[in-house]
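Presented below is the structure to which this report refers.
The values are calculated or read from the model by the stated rules, or taken from the named source; none is laboratory data. Given the structure is predicted, the values throughout are model-derived calculations rather than measurements. Neighbour counts run over all protein chains shown; Cβ positions are idealised from the backbone, glycine included. All accessible areas refer to the heavy atoms of the entire protein, side chains included, with ligands and DNA or RNA removed. Shrake-Rupley method; radii C 1.70, N 1.55, O 1.52, S 1.80 Å.
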Amino acid sequence: MLARTVLGSVELDPARAVLPHEHLVIDYNQKEGRASPPLKETEDACVEALQELPSLGIQAIVDCTPPGYGRDLAFLRQVSSRSGVHIIASTGTFCEQWSPQPSWAQKASVQELVDAFTAEIDRGCGVIKVATSHGTASDNEIKALKAAALTHRGTGVPIVSHTTGSLGLEQVLMYEELGVELSKVLISHVCADEEPIDYALAIARRGAYVGLDRIGHASHPDKHWISIIQRFLDEGLENKVLLSHDSVQTFAGPDAIAGHTFRNIRHLPTTFHKNATCAGITENTLRQLTVHNPLRWLEPNRVS
Ligand SMILES: [Zn+2]
(Lines give C-alpha, C1' and ligand atoms only; values in the text may rest on other atoms or scores of the structure.)
Protein backbone atom coordinates (compact mmCIF):
# COMPACT_ATOMS: atom_id res chain seq x y z
CA MET A 1 0.00 0.00 0.00
CA LEU A 2 1.00 3.60 -0.57
CA ALA A 3 1.81 5.55 2.60
CA ARG A 4 2.20 9.29 2.92
CA THR A 5 5.69 9.57 4.44
CA VAL A 6 7.87 12.62 5.03
CA LEU A 7 9.80 11.68 1.86
CA GLY A 8 6.63 11.49 -0.24
CA SER A 9 4.30 8.65 -1.15
CA VAL A 10 6.04 5.34 -0.55
CA GLU A 11 4.93 1.78 -1.28
CA LEU A 12 5.13 -0.01 2.07
CA ASP A 13 6.14 -3.67 2.20
CA PRO A 14 3.09 -5.80 3.14
CA ALA A 15 5.35 -8.16 5.13
CA ARG A 16 7.24 -5.70 7.33
CA ALA A 17 6.23 -4.06 10.60
CA VAL A 18 5.21 -0.49 11.44
CA LEU A 19 5.38 1.19 14.88
CA PRO A 20 2.22 3.33 14.92
CA HIS A 21 2.93 5.62 17.92
CA GLU A 22 6.44 6.91 18.55
CA HIS A 23 8.16 10.30 18.85
CA LEU A 24 11.65 11.42 17.95
CA VAL A 25 11.65 14.99 19.31
CA ILE A 26 9.12 16.67 21.60
CA ASP A 27 9.82 20.33 22.40
CA TYR A 28 7.04 22.41 23.94
CA ASN A 29 9.06 25.62 23.34
CA GLN A 30 7.96 25.41 19.70
CA LYS A 31 4.39 26.27 20.72
CA GLU A 32 5.28 29.92 21.08
CA GLY A 33 7.90 29.82 18.34
CA ARG A 34 10.89 29.56 20.68
CA ALA A 35 12.26 26.17 19.65
CA SER A 36 15.31 26.13 17.44
CA PRO A 37 15.63 23.33 14.88
CA PRO A 38 17.00 20.13 16.43
CA LEU A 39 20.79 20.02 16.82
CA LYS A 40 23.04 17.81 14.71
CA GLU A 41 23.71 15.66 17.80
CA THR A 42 19.95 15.15 18.23
CA GLU A 43 19.73 14.09 14.60
CA ASP A 44 22.63 11.66 15.08
CA ALA A 45 21.00 10.20 18.21
CA CYS A 46 17.67 9.71 16.38
CA VAL A 47 19.39 8.07 13.41
CA GLU A 48 21.22 5.76 15.81
CA ALA A 49 17.97 4.85 17.55
CA LEU A 50 16.22 4.03 14.27
CA GLN A 51 18.89 2.50 12.10
CA GLU A 52 18.71 -0.95 13.69
CA LEU A 53 14.96 -1.20 13.12
CA PRO A 54 15.07 -2.50 9.51
CA SER A 55 17.19 -5.48 10.60
CA LEU A 56 14.53 -6.14 13.27
CA GLY A 57 11.78 -6.26 10.64
CA ILE A 58 10.46 -2.70 11.09
CA GLN A 59 10.08 -0.56 7.99
CA ALA A 60 8.29 2.54 9.30
CA ILE A 61 7.31 4.54 12.36
CA VAL A 62 4.53 7.04 12.85
CA ASP A 63 5.93 10.11 14.63
CA CYS A 64 2.95 11.32 16.66
CA THR A 65 4.30 14.77 17.59
CA PRO A 66 1.94 17.43 16.21
CA PRO A 67 3.03 20.89 14.99
CA GLY A 68 3.91 23.25 17.85
CA TYR A 69 5.33 20.48 20.03
CA GLY A 70 8.74 20.19 18.38
CA ARG A 71 7.77 18.53 15.12
CA ASP A 72 10.10 19.58 12.29
CA LEU A 73 9.39 18.04 8.88
CA ALA A 74 12.84 18.85 7.45
CA PHE A 75 14.45 17.16 10.46
CA LEU A 76 12.23 14.08 10.08
CA ARG A 77 13.10 13.89 6.37
CA GLN A 78 16.78 13.97 7.23
CA VAL A 79 16.47 11.26 9.91
CA SER A 80 14.38 9.09 7.58
CA SER A 81 16.81 9.25 4.69
CA ARG A 82 19.84 8.66 6.93
CA SER A 83 18.30 5.77 8.94
CA GLY A 84 16.48 3.98 6.11
CA VAL A 85 13.26 3.96 8.17
CA HIS A 86 10.11 5.49 6.68
CA ILE A 87 8.63 8.19 8.92
CA ILE A 88 4.96 9.16 8.80
CA ALA A 89 4.48 12.59 10.38
CA SER A 90 1.49 14.04 12.21
CA THR A 91 -0.53 17.17 11.77
CA GLY A 92 -3.15 18.07 14.40
CA THR A 93 -2.68 19.26 17.96
CA PHE A 94 -2.52 17.94 21.52
CA CYS A 95 -4.49 17.91 24.81
CA GLU A 96 -4.41 20.75 27.31
CA GLN A 97 -3.91 18.63 30.41
CA TRP A 98 -0.34 19.79 30.98
CA SER A 99 -0.20 22.95 28.90
CA PRO A 100 -2.57 24.98 26.66
CA GLN A 101 -2.61 24.30 22.94
CA PRO A 102 -0.54 26.61 20.68
CA SER A 103 -2.30 29.98 20.42
CA TRP A 104 -3.03 29.53 16.68
CA ALA A 105 -4.95 26.33 17.48
CA GLN A 106 -6.81 27.94 20.39
CA LYS A 107 -7.92 30.88 18.23
CA ALA A 108 -8.88 28.89 15.14
CA SER A 109 -12.44 27.92 14.26
CA VAL A 110 -13.18 24.29 13.39
CA GLN A 111 -12.99 25.17 9.69
CA GLU A 112 -9.71 27.04 10.13
CA LEU A 113 -8.25 23.98 11.85
CA VAL A 114 -9.50 21.76 9.01
CA ASP A 115 -7.80 24.09 6.52
CA ALA A 116 -4.56 24.06 8.54
CA PHE A 117 -4.54 20.26 8.97
CA THR A 118 -5.32 19.73 5.28
CA ALA A 119 -2.52 22.09 4.21
CA GLU A 120 -0.13 20.12 6.43
CA ILE A 121 -1.24 16.87 4.82
CA ASP A 122 -0.45 18.45 1.44
CA ARG A 123 3.03 19.25 2.83
CA GLY A 124 3.71 15.61 3.76
CA CYS A 125 1.89 14.68 6.97
CA GLY A 126 0.28 11.24 6.95
CA VAL A 127 -1.83 11.11 10.14
CA ILE A 128 -3.96 13.53 12.19
CA LYS A 129 -3.14 13.60 15.92
CA VAL A 130 -5.66 14.92 18.44
CA ALA A 131 -6.26 14.32 22.15
CA THR A 132 -8.40 14.65 25.24
CA SER A 133 -7.24 15.18 28.84
CA HIS A 134 -7.57 12.87 31.84
CA GLY A 135 -11.30 12.34 32.41
CA THR A 136 -12.27 15.56 30.68
CA ALA A 137 -12.17 17.27 27.30
CA SER A 138 -11.62 21.03 26.99
CA ASP A 139 -13.49 23.10 24.41
CA ASN A 140 -10.28 23.39 22.38
CA GLU A 141 -9.79 19.61 22.48
CA ILE A 142 -13.35 18.96 21.29
CA LYS A 143 -12.91 21.52 18.52
CA ALA A 144 -9.73 19.73 17.40
CA LEU A 145 -11.46 16.32 17.43
CA LYS A 146 -14.21 17.74 15.21
CA ALA A 147 -11.61 19.23 12.88
CA ALA A 148 -9.77 15.89 12.76
CA ALA A 149 -13.01 14.15 11.77
CA LEU A 150 -13.74 16.64 8.99
CA THR A 151 -10.13 16.58 7.76
CA HIS A 152 -10.24 12.79 7.68
CA ARG A 153 -13.47 12.88 5.69
CA GLY A 154 -11.87 15.21 3.18
CA THR A 155 -8.54 13.44 2.81
CA GLY A 156 -8.93 9.81 3.97
CA VAL A 157 -5.91 10.30 6.26
CA PRO A 158 -6.15 8.23 9.48
CA ILE A 159 -6.59 9.69 12.98
CA VAL A 160 -4.50 8.92 16.06
CA SER A 161 -6.44 10.01 19.12
CA HIS A 162 -4.61 10.32 22.46
CA THR A 163 -6.34 9.42 25.72
CA THR A 164 -5.21 9.55 29.37
CA GLY A 165 -7.00 6.89 31.38
CA SER A 166 -10.46 7.24 29.80
CA LEU A 167 -12.71 8.89 27.18
CA GLY A 168 -11.64 6.54 24.37
CA LEU A 169 -15.17 5.30 23.95
CA GLU A 170 -16.60 8.83 24.03
CA GLN A 171 -14.08 9.79 21.33
CA VAL A 172 -15.13 6.83 19.19
CA LEU A 173 -18.82 7.72 19.48
CA MET A 174 -18.08 11.31 18.55
CA TYR A 175 -16.07 10.28 15.48
CA GLU A 176 -18.82 7.91 14.46
CA GLU A 177 -21.42 10.65 14.74
CA LEU A 178 -19.24 12.90 12.58
CA GLY A 179 -19.08 10.30 9.81
CA VAL A 180 -15.55 9.01 10.36
CA GLU A 181 -14.86 5.46 9.27
CA LEU A 182 -13.78 3.94 12.60
CA SER A 183 -11.33 1.55 10.92
CA LYS A 184 -9.23 4.69 10.32
CA VAL A 185 -9.16 5.67 14.02
CA LEU A 186 -6.49 4.60 16.51
CA ILE A 187 -7.38 5.25 20.15
CA SER A 188 -3.99 5.60 21.81
CA HIS A 189 -2.71 4.65 25.27
CA VAL A 190 -5.58 2.29 26.09
CA CYS A 191 -4.97 0.39 29.36
CA ALA A 192 -1.84 2.48 30.01
CA ASP A 193 -3.44 3.61 33.27
CA GLU A 194 -5.98 1.53 35.16
CA GLU A 195 -8.74 1.22 32.55
CA PRO A 196 -10.69 -2.06 32.74
CA ILE A 197 -10.21 -4.51 29.89
CA ASP A 198 -13.92 -4.24 29.01
CA TYR A 199 -13.30 -0.60 28.10
CA ALA A 200 -10.62 -1.66 25.61
CA LEU A 201 -12.83 -4.41 24.16
CA ALA A 202 -15.75 -1.97 23.74
CA ILE A 203 -13.57 0.39 21.67
CA ALA A 204 -12.50 -2.49 19.43
CA ARG A 205 -16.03 -3.88 19.08
CA ARG A 206 -17.19 -0.48 17.87
CA GLY A 207 -14.59 -0.73 15.08
CA ALA A 208 -11.65 1.48 16.12
CA TYR A 209 -8.09 0.33 16.73
CA VAL A 210 -6.94 -0.05 20.32
CA GLY A 211 -3.40 1.23 20.87
CA LEU A 212 -1.45 -0.81 23.41
CA ASP A 213 1.28 1.69 22.78
CA ARG A 214 3.20 2.23 25.99
CA ILE A 215 4.99 -1.10 25.79
CA GLY A 216 8.29 -1.05 27.66
CA HIS A 217 7.43 1.80 30.05
CA ALA A 218 8.18 1.16 33.73
CA SER A 219 4.49 1.64 34.60
CA HIS A 220 3.52 -1.82 33.30
CA PRO A 221 5.59 -4.99 32.75
CA ASP A 222 5.28 -6.83 29.42
CA LYS A 223 2.98 -9.40 31.04
CA HIS A 224 0.32 -6.67 31.50
CA TRP A 225 0.21 -6.12 27.73
CA ILE A 226 0.48 -9.84 26.95
CA SER A 227 -2.54 -10.66 29.11
CA ILE A 228 -4.57 -7.97 27.32
CA ILE A 229 -3.53 -9.41 23.93
CA GLN A 230 -4.57 -12.88 25.13
CA ARG A 231 -8.01 -11.51 26.07
CA PHE A 232 -8.38 -9.89 22.64
CA LEU A 233 -7.47 -13.26 21.06
CA ASP A 234 -10.10 -15.01 23.22
CA GLU A 235 -12.69 -12.50 21.99
CA GLY A 236 -11.58 -12.77 18.35
CA LEU A 237 -10.68 -9.06 18.27
CA GLU A 238 -6.94 -9.30 17.61
CA ASN A 239 -7.45 -7.55 14.26
CA LYS A 240 -8.11 -4.34 16.24
CA VAL A 241 -4.91 -4.16 18.32
CA LEU A 242 -1.87 -2.02 17.50
CA LEU A 243 1.42 -2.20 19.43
CA SER A 244 3.96 0.58 19.96
CA HIS A 245 6.22 2.20 22.59
CA ASP A 246 5.26 5.90 22.67
CA SER A 247 9.03 6.36 22.89
CA VAL A 248 10.69 9.78 22.69
CA GLN A 249 14.37 10.36 21.99
CA THR A 250 14.57 14.01 23.11
CA PHE A 251 12.05 15.72 25.37
CA ALA A 252 11.67 19.34 26.50
CA GLY A 253 8.36 20.10 28.19
CA PRO A 254 6.29 19.77 31.35
CA ASP A 255 7.91 17.84 34.22
CA ALA A 256 4.76 15.73 34.63
CA ILE A 257 5.49 14.15 31.23
CA ALA A 258 9.29 14.26 31.39
CA GLY A 259 9.22 11.81 34.31
CA HIS A 260 7.48 9.19 32.17
CA THR A 261 9.43 9.30 28.93
CA PHE A 262 10.85 6.08 27.51
CA ARG A 263 13.54 5.84 24.85
CA ASN A 264 14.08 2.22 23.86
CA ILE A 265 12.38 1.96 20.46
CA ARG A 266 13.86 -1.55 20.03
CA HIS A 267 12.06 -3.10 23.02
CA LEU A 268 9.08 -4.40 21.05
CA PRO A 269 10.91 -6.40 18.36
CA THR A 270 13.43 -7.78 20.89
CA THR A 271 12.53 -8.28 24.58
CA PHE A 272 8.76 -7.97 24.21
CA HIS A 273 8.70 -10.31 21.20
CA LYS A 274 10.59 -12.93 23.23
CA ASN A 275 8.34 -12.53 26.28
CA ALA A 276 5.18 -12.72 24.16
CA THR A 277 6.22 -15.88 22.31
CA CYS A 278 7.29 -17.50 25.62
CA ALA A 279 3.79 -16.73 26.93
CA GLY A 280 2.26 -18.56 23.97
CA ILE A 281 1.45 -15.69 21.57
CA THR A 282 2.22 -17.11 18.13
CA GLU A 283 4.46 -15.53 15.48
CA ASN A 284 1.37 -15.32 13.28
CA THR A 285 -0.49 -13.28 15.87
CA LEU A 286 2.48 -10.99 16.42
CA ARG A 287 2.70 -10.49 12.66
CA GLN A 288 -0.96 -9.55 12.57
CA LEU A 289 -0.53 -7.01 15.40
CA THR A 290 2.65 -5.41 14.12
CA VAL A 291 2.38 -5.75 10.32
CA HIS A 292 -1.13 -6.31 8.99
CA ASN A 293 -3.08 -4.20 11.52
CA PRO A 294 -1.00 -0.99 11.28
CA LEU A 295 -0.84 -1.23 7.49
CA ARG A 296 -4.63 -1.57 7.33
CA TRP A 297 -5.09 1.41 9.69
CA LEU A 298 -2.71 3.58 7.65
CA GLU A 299 -4.21 2.85 4.26
CA PRO A 300 -6.18 5.95 3.21
CA ASN A 301 -9.82 5.06 2.64
CA ARG A 302 -10.13 7.46 -0.23
CA VAL A 303 -7.81 8.98 -2.79
CA SER A 304 -7.20 12.66 -2.25
ZN1 LIG B 1 2.70 9.84 22.23
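Taking the criterion of being assigned to a loop (DSSP other than H, G, I, E, B), within 15 Å of L289 (Cβ to Cβ) and either among the β-branched types (V, I, T) or more than 16 Å from the ligand (Cβ to nearest atom) (or both), the only residue of segment 183-207 that qualifies is V190. If we scan segment 157-171, do we find a residue that is out of contact with any Asp or Glu (no Cβ under 7 Å at 6 or more places or on another chain), closer than 22 Å to A119 by Cβ and assigned to a loop (DSSP other than H, G, I, E, B)? Yes, there is a match, as at least one residue in segment 157-171 is out of contact with any Asp or Glu (no Cβ under 7 Å at 6 or more places or on another chain), closer than 22 Å to A119 by Cβ and assigned to a loop (DSSP other than H, G, I, E, B).
Step by step: first the residues of segment 215-244, then only those that are touching a His at 6+ places or on another chain (Cβ under 6 Å) and not polar (S, T, N, Q), then the one that is surrounded by the most Cβ atoms within 10 Å (Cβ to Cβ). Which residue is that?
Ranking the candidates gives I215 first.
T155 meets all of the listed conditions (1) more than 16 Å from the ligand (Cβ to nearest atom); (2) hydroxyl-bearing (S, T, Y); (3) over 23 Å from Y209 (Cα atoms) but one, namely (3). Scanning segment 38-96 for residues that are under 19 Å from A3 (Cβ atoms), more than 13 Å from the ligand (Cβ to nearest atom) and assigned to a loop (DSSP other than H, G, I, E, B) gives G57, G84, V85.
Of the numbered criteria (1) in contact (Cβ under 8 Å) with a residue 12 or more places away in the chain; (2) open to solvent by 20 Å² or more (accessible area, probe 1.4 Å); (3) away from the ligand (no atom under 16 Å from the Cβ), the one S9 fails is (1). Does segment 122-138 contain at least one residue that is within 27 Å of R231 (Cβ to Cβ), part of a loop (DSSP other than H, G, I, E, B), more than 16 Å from the ligand (Cβ to nearest atom) and modelled with pLDDT under 95? Within segment 122-138, one or more residues are within 27 Å of R231 (Cβ to Cβ), part of a loop (DSSP other than H, G, I, E, B), more than 16 Å from the ligand (Cβ to nearest atom) and modelled with pLDDT under 95. Give me the residue from segment 217-252 that is in contact with an Asp or Glu (Cβ under 7 Å, 6 or more places away or on another chain) and under 25 Å from D44 (Cβ atoms) and, out of that set, modelled with the lowest pLDDT. The residue in question is A252.
Among the criteria (1) aliphatic (A, V, I, L, M); (2) open to solvent by 50 Å² or more (accessible area, probe 1.4 Å); (3) touching a strand residue (DSSP E or B) at 6+ places or on another chain (Cβ under 8 Å), the one L39 does not fulfil is (3). Among the residues of segment 165-182, just one is within 16 Å of the ligand (Cβ to nearest atom) and surrounded by fewer than 19 Cβ atoms within 10 Å (Cβ to Cβ), namely G165. Which residues, counting only those in segment 263-282, are open to solvent by less than 90 Å² (accessible area, probe 1.4 Å) and part of a helix (DSSP H, G or I)? Hits for segment 263-282 are L268, P269, T270, T271, F272, H273, N275, A276, T277. Checking each residue in segment 97-121 for being out of contact with any helix residue (DSSP H, G or I) (no Cβ under 7 Å at 6 or more places or on another chain), part of a loop (DSSP other than H, G, I, E, B) and open to solvent by 70 Å² or more (accessible area, probe 1.4 Å) picks out no residue at all. Of all residues in segment 143-166, those that are in contact with a strand residue (DSSP E or B) (Cβ under 7 Å, 6 or more places away or on another chain) and modelled with pLDDT of 95 or more total 12.
Inside segment 208-234, can you point out the residues that are away from the ligand (no atom under 16 Å from the Cβ), in contact with a helix residue (DSSP H, G or I) (Cβ under 8 Å, 6 or more places away or on another chain) and not hydrophobic (A, V, I, L, M, F, W, C)? D222, K223, R231, listed by residue number.
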